[in-house]
Structure formats: structure tokens, C-alpha cells
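The values are calculated or read from the model by the stated rules, or taken from the named source; none is laboratory data. All of these numbers come straight from a predicted model, not from anything done at the bench. Every residue, glycine among them, receives a Cβ derived from its backbone with ideal geometry; neighbour counts consider all protein chains shown. Surface areas here come from the heavy atoms of the whole protein model, side chains and all, with no ligands, DNA or RNA. Shrake-Rupley method; radii C 1.70, N 1.55, O 1.52, S 1.80 Å.
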Amino acid sequence: MYLFQQIEETIFNYNDSRKIIGEFILANAEQISELPMEKIAQETYTSKASLVRFAKKLGYSGWREFVLAFREEVIYEQKYTGEINPNIPFNKEDDYMQIARNIKTLQTEALEDTLNQLDKSTLFKATQILLQADTIMFFCISPYIYLADIFRRKMLTIGKHIIVTNPLEASIAAQSLTEKDCAIIISYSGTNDTIDPLSHIKDLKENNVSLIGLTSGGENTLRNNANVTFTISSREKLYSKIANFSTEESINYILNTLFSCYFGQNYEENLKNKIAKTIKIESKKRFTHLKNIQE
């Protein structure tokens, strides 16, 4: 779905022929590979040269190369289309229980989609990077920053400190890391290296920081720069959706899996320490509660 996202981003960012061409492509996605350039240019009131420029803007050498890549994405979408629309999973006629069932189905589909794109090698490489890192730092923006913080808290329970950078301080944080550290970057589109969090890749690479990326499918800036990349369930549109239901479920699943793989490398010790810390914390809570009652 990477190309769909790129086209939607182009429509959002421009108000010229690129917007018109992008809207026509998305509206005629299944037929676009069969339409001659002359017909598309006529329908969009543009020219064949404009179509070529549009394709090159998205990183392709020409219109034909773009159409072939877009056709592959259309086929993927048709093949892996789930029962529930990830962008509009419910409508105004649905009652409460229908909404509940739809969200459950959507989240299940997101998990299955994410699992199907995982592999043992990627998990092994990422886990080794985390194990060897002195400092692990997240670079992401809202709402993903909240999912990163949940991961941070899980890791803290087994004694590993994680830093979730404040976007306002991310530039300084990126420059502070070294080759002994790891950065985890979350970006759904993974394309725009002029804004957070991808704008920090240059500094991180210059400092030889190991990069773990979480992003959508297809080639993009993050995937091309990360040491290891996890693919987020990518059936959502960038803007035309109710909420990030699938994306958040997919990211949370990846982070939970990473935590579990990290945990498993020192399973007995981590389990023993985790239980001991939990008992100690709960004992303190009970003591404080009894003390407050007595007072």
C-alpha cells in the first residue's frame, strides 16, 4: 500500500496537476494499468508529459514503470482485502455490538497481516541489536509515542531503561547517540526525511547508530536506511480514515513481540526478577494503604 500512501500524500500536499492525476488514479485504481496515457491525459486535462513527471515525482523512471508497480499494489490489496474496511470499519447504521464485532475482526486481521510479514531472521537481528545496545531510544510522533512508552514500561520491569524522545528534543537526542546505541524509528509512510522522525536519520547514520524501523510495506526512506525493518499492516490510508485502528494494533504487536524475544534471551533471570519486583511493589502498595487507613 506504499504507493497508495504516496499518491494520497501528493493529493494532500499539492493543488495542481499532480493532485488531479493522483485523484484520477485512486478513483480508477483497478483500470489504470489498462488505460492508455492519451486517455488518462484527456480525462485529467493534463498531458503525457505531466503523467511522466508525476511518475518521476514518486521515484519511477517513467509512466510505464509506475503503472507496473501500482498494478502490483492493486493486486496485493485485492488478494489481502479483509472482511472489514480498515479505514471505515463501521458506519452510522451499525449498533454498538456490530461496531464491537467489526473492531475485533479488524484488529485480528491486522495481527494476521503483521505476522505474515514477520520472519525469524528479522526478529533475531533486531533482538541482538537491542541486547547489545547501551541506550535504546525511540523516535516517533503522536500517537505512536504512546505505544513506545508502553514498550518502555515493559522493558523497565526487567531492568532495561528505554528513552522515548520528546519530539522537541529529538534532534539533540539523535546527536547524543553513538555506535554503541540503538534507535527505534516508527513512521507509517516512512517517506519524508525533512520532518520528524525521519529528519534525524542523517545524524543517526553519521554516528553509526543501529537503526530498527517500523514502517509500511514497500521501498521508502526508512526501510532503505534501517539495519532491520518491521512491516506494519499497511492497508490504511494516510488521511481518509476514522482512526489508526489497524496501524496501532500492528505496531503494538511488533513491540510486544520484540519485548518477548528480548525477555526470552534471559528467560529464567528475567522471569525471576520480574516476579520479585512485582511482589515488592505490591507489598509497598499494601503497606501504604494500611498506613493511610490507620492514620
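Structural remarks
- Applying the criterion of being over 11 Å from the mean Cα position of the chain (by Cα) and open to solvent by less than 60 Å² (accessible area, probe 1.4 Å) to the residues of the stretch 224-234, the residue that is nearest to LYS120 (Cα to Cα) is VAL228.
- Tabulated pairs, the stretch 201-217, first under 30 Å from ASN116 (Cα atoms), second open to solvent by 30 Å² or more (accessible area, probe 1.4 Å) and not in a helix (DSSP H, G or I), C-beta under 8 angstrom, 6+ apart or interchain: ILE201/ASP193; VAL209/THR178; VAL209/GLU179; SER210/GLU179; SER210/ASN227; LEU211/ASN227; ILE212/ASN227; GLY217/GLN117
- Hey, ASP196 surrounded by 16 or more Cβ atoms within 10 Å (Cβ to Cβ), among the acidic types (Asp, Glu) and either part of a helix (DSSP H, G or I) or modelled with pLDDT of 95 or more (or both) or not: no
- Here GLY190, GLY159 are screened, and the one residue that is touching a Ser or Thr at 6+ places or on another chain (Cβ under 6 Å) and either part of a helix (DSSP H, G or I) or closer than 28 Å to CYS261 by Cα (or both) is GLY190.
- One residue stands out in the stretch 76-89 among those that are touching a helix residue (DSSP H, G or I) at 6+ places or on another chain (Cβ under 8 Å) and open to solvent by 90 Å² or more (accessible area, probe 1.4 Å): the one that is nearest to ILE7 (Cα to Cα), namely TYR80.
- Filtered by the rule that a residue be under 19 Å from the mean Cα position of the chain (by Cα), closer than 26 Å to ILE275 by Cα and open to solvent by 20 Å² or more (accessible area, probe 1.4 Å), the stretch 131-154 gives TYR146, LEU147, ASP149, ILE150, ARG152.
- In the set (1) more than 19 Å from the chain's Cα centre (by Cα); (2) buried (at least 16 other Cβ atoms within 10 Å of the Cβ); (3) among the hydrophobic types (A, V, I, L, M, F, W, C), LEU168 fails one condition alone, (2).
- Taking (1) touching a Phe, Trp or Tyr at 6+ places or on another chain (Cβ under 9 Å); (2) touching a residue at least 60 places away in the same chain (Cβ under 8 Å); (3) surrounded by fewer than 21 Cβ atoms within 10 Å (Cβ to Cβ) in turn, THR157 satisfies each apart from (1).
Every residue, every condition in (1) modelled with pLDDT of 95 or more; (2) of a type in the set (A, V, I, L, M, F, W, C); (3) in contact with a Ser or Thr (Cβ under 6 Å, 6 or more places away or on another chain), yes or no:
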| position | (1), (2), (3) |
| --- | --- |
| GLY218 | no, no, no |
| ASN224 | no, no, no |
| GLU248 | yes, no, no |
| THR257 | yes, no, no |
| CYS261 | yes, yes, yes |
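- For the stretch 199-246, a residue qualifies if it is in contact with a helix residue (DSSP H, G or I) (Cβ under 6 Å, 6 or more places away or on another chain), assigned to a loop (DSSP other than H, G, I, E, B) and under 23 Å from LEU131 (Cα atoms), and exactly one does: ILE232.
- Exactly one residue out of SER50, SER33 is in contact (Cβ under 8 Å) with a residue 40 or more places away in the chain and of a type outside the set (Lys, Arg), and it is SER33.
- One residue from GLN128, GLN98 being among the polar types (S, T, N, Q), under 23 Å from the mean Cα position of the chain (by Cα) and assigned to a helix (DSSP H, G or I): GLN128
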